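Participant: This is the structure, below, for whatever I ask next.
The values are calculated or read from the model by the stated rules, or taken from the named source; none is laboratory data. Since the structure is predicted, the reported quantities are computational estimates derived from the model, not experimental observations. Positions of Cβ are generated from backbone atoms using ideal geometry, with glycine treated the same way; all protein chains shown enter the neighbour counts.
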Amino acid sequence: MKSPRAVFVCQECGAQAPKWMGRCLECGAWNSLVEERVSETGTAFPSGGNRYLQIGTPGSAKLYADVDTTNAVRLSTGIDELDRVLGGGVVPGSLVLLGGEPGIGKSTLLLQAAAHFARQVGPVLYASGEESEHQIKSRGDRLGVGAAPLYLLAETCIERILEEIGRLKPALVVIDSVQTVFSMKFQSAPGSIGQVREAATQFLFAAKGQNVPTVLVGHVTKDGSLAGPKVLEHVVDTVLYFEGERHHAHRVVRAVKNRFGAVSELGVFEMTGAGLRPVPNPSRLFLSERASGTPGSAVLCCVEGSRPILVEVQALVSTSTYGNARRMAIGIDQNRLSLLLAVLEKRAGLSLAGDDVYVNVAGGMNVEEPAADLGVVAAVASSVRSRGLSPSTAMFGEVGLTGEIRGIPQARLRVREAVRMGFTRIVLPAANADPEDPALGGGDNGPAELVGVRTVAEALDELIA
Ligand code: TYD
Ligand code: MG
């Protein structure tokens with residue numbers, strides 16, 4: 001028997017080196033090389049079969065037109081909000097990665113989905129390297145998991161899990177988590193890059209080979225990226241992130257990569273005493289505690305994926321008591337805030353020097369799109385002038401450096417959502433307001449009035465009379 005071969009693997013980028021070095025030659029990370037041993041005799045598959053199994057149908061190249069897509073079914077997880085992010089359900093044979101901070105609710109969501117799936121589609125194998133069967137069951141009892149062909153396996157050895165998959169032939173496999181499982185082929189600790197990569201590859205081949213959809217749970221590091229390697233994101237078909245503030249009840253599942261659907265789709269949940277509850281109407285949730293008409297509060301219409309959501313953005317401008325004025329943004333980009341404040345000073349004549357500016361998107365939402373600019377600008381101006389905006393006004397629009405309000409995509413969707421939520425006045429970019437279009441100012445908006453604006457100054461005149 002050959003002795004195990006030692007390689008040094010960078011835990012940041014996965015590059016390999018034959019000897020230890022203080023710095024990775026590939027990515028330049030310091031002190032990131034860790035010794036990993038590969039045993040040449042180990043086999044990845046219990047059967048000892050080919051390591052690189054066929055992913056598609058074997059044979060020669062096929063004509064595009066001859067490829068059959070009619071069997072591209074989707075299996076519902078029984079949780080609408082999760083199905084939505086997956087692009088309509090789980091695709092058989094797909095490998096999904098669900099990332100999120102510890103305690104955010106990954107295991108809870110997957111146990112709920114597994115129970116639904118087991119009841120409606122077929123047996124599910126839930127392999128956990130983090131909790132015992134007993135722990136999982138006591139949580140399941142709280143979630144109301146009744147009788148269903150749901151198999152629990154407290155196991156961390158990949159080869160053993162694959163054996164169980166072969167034996168049970170489940171309709172869905174959940175691995176909680178990819179950082180706790182290990183392959184007997186490597187001697188490095190679970191969670192090291194070699195082990196994580198091996199786990200992803202082995203489960204990929206199992207998923208494709210046996211056409212069983214597999215969900216991997218992944219931990220994220222402090223800086224918010226998936227722990228271990230980027231390679232994980234390249235291997236899997238779909239990457240979902242579970243986000244949310246620990247102190248807020250609501251949680252958001254976001255797709256950042258999806259080979260079977262649109263990315264940036266959003267699923268919204270609320271953490272309750274009996275697990276995660278889907279929120280079909282997030283606008284109502286985010287606006288539920290709105291301080292209507294108070295200075296510094298504005299409602300903006302953003303779109304996440306194909307879904308319009310109304311959120312409240314709040315601003316507080318107060319005289320700075322100390323030398324440096326503070327600018328703090330929660331829920332929007334800090335640099336974007338600085339840019340918008342500069343535009344407000346220069347183009348709308350607001351004096352903010354010597355003032356602290358705090359901006360917060362209520363409810364813990366993160367708004368990344370530029371369409372939020374107008375809402376931020378309005379909230380800040382409203383706070384500066386101590387005048388509240390009309391509680392029945394919603395807005396959206398991008399602010400340019402010359403103070404112009406630029407048109408943005410999916411205006412119709414935003415207007416429709418605002419009207420649905422009972423807003424009667426919508427301030428939007430003039431480029432988006434189209435009197436010819438019945439949905440954008442032509443009249444079909446019931447009682448809602450659409451106001452197209454061209455500049456920040458014009459918008460503030462309309463909003464803060
Ligand atoms: P969990 O799914 O264990 O998180 P993860 O797997 O992402 O680490 O969720 C744990 C948190 O969720 C825990 O702090 C308690 C809370 N929780 C509830 O509020 N209600 C519930 O019904 C359950 C099961 C958990
Ligand atoms: Mg967990």
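Participant: Might you let me know whether region 378-398 holds any residue that is part of a strand (DSSP E or B), modelled with pLDDT of 95 or more and farther than 18 Å from Ser283 by Cβ?
Facilitator: yes
Participant: Would you mind stating whether Leu98 is buried (at least 22 other Cβ atoms within 10 Å of the Cβ), within 12 Å of ligand 1 (Cβ to nearest atom) and outside any strand (DSSP E or B)?
Facilitator: Against the criterion (buried (at least 22 other Cβ atoms within 10 Å of the Cβ), within 12 Å of ligand 1 (Cβ to nearest atom) and outside any strand (DSSP E or B)), Leu98 does not qualify.
Participant: Let me ask another. Could you say whether any residue in region 127-142 is among the aliphatic types (A, V, I, L, M), within 27 Å of the chain's Cα centre (by Cα), more than 14 Å from ligand 2 (Cβ to nearest atom) and not in a loop (DSSP other than H, G, I, E, B)?
Facilitator: Scanning region 127-142 turns up no residue that is among the aliphatic types (A, V, I, L, M), within 27 Å of the chain's Cα centre (by Cα), more than 14 Å from ligand 2 (Cβ to nearest atom) and not in a loop (DSSP other than H, G, I, E, B).
The rows are residues; the columns are (1) assigned to a strand (DSSP E or B); (2) among the basic types (Lys, Arg); (3) over 21 Å from Thr294 (Cβ atoms); (4) not assigned by TED's automatic domain parsing to the domain that holds Val399.
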| residue | (1), (2), (3), (4) |
| --- | --- |
| Leu316 | yes, no, no, no |
| Ile332 | no, no, no, no |
| Arg336 | no, yes, yes, no |
| Leu339 | no, no, yes, no |
| Val343 | no, no, yes, no |
| Leu352 | no, no, no, no |
| Tyr358 | yes, no, no, no |
| Gly363 | no, no, no, no |
| Ala371 | no, no, yes, no |
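Participant: Could you please find all residues in region 151-161 being closer than 26 Å to Pro102 by Cβ and either outside any strand (DSSP E or B) or more than 16 Å from ligand 2 (Cβ to nearest atom) (or both)?
Facilitator: The answer is Tyr151, Glu155, Thr156, Cys157, Ile158, Arg160, Ile161.
Participant: For residues in region 3-25 being surrounded by 13 or more Cβ atoms within 10 Å (Cβ to Cβ) and in a loop (DSSP other than H, G, I, E, B), which is modelled with the highest pLDDT?
Facilitator: Result: Met21.
Participant: Taking region 266-283, which residues are surrounded by fewer than 19 Cβ atoms within 10 Å (Cβ to Cβ), within 15 Å of ligand 1 (Cβ to nearest atom) and within 18 Å of the chain's Cα centre (by Cα)?
Facilitator: Glu270, Met271, Arg277, Pro278
Participant: Here are the criteria: (1) outside any loop (DSSP other than H, G, I, E, B); (2) of a type in the set (Gly, Ala, Ser); (3) closer than 22 Å to Phe396 by Cβ. Tell me which single one Ala255 does not satisfy.
Facilitator: Here Ala255 meets the rest and fails (3).
Participant: Kindly provide the set of residues from region 174-185 that are more than 16 Å from ligand 2 (Cβ to nearest atom) and under 17 Å from Val217 (Cα atoms), ordered by number.
Facilitator: Result: Phe182, Ser183.
Participant: Now a separate question. Scan region 99-126 residue by residue and report those that are near ligand 2 (Cβ under 10 Å from one of its atoms) and either of a type in the set (Lys, Arg) or farther than 19 Å from Ile165 by Cβ (or both).
Facilitator: Gly100, Pro102, Gly103, Ile104, Gly105, Lys106, Ser107, Thr108, Leu109
Participant: On to the next question. Of the residues in region 89-103, how many are modelled with pLDDT of 90 or more and more than 22 Å from Gln202 (Cα to Cα)?
Facilitator: Of the residues in region 89-103, 1 are modelled with pLDDT of 90 or more and more than 22 Å from Gln202 (Cα to Cα).
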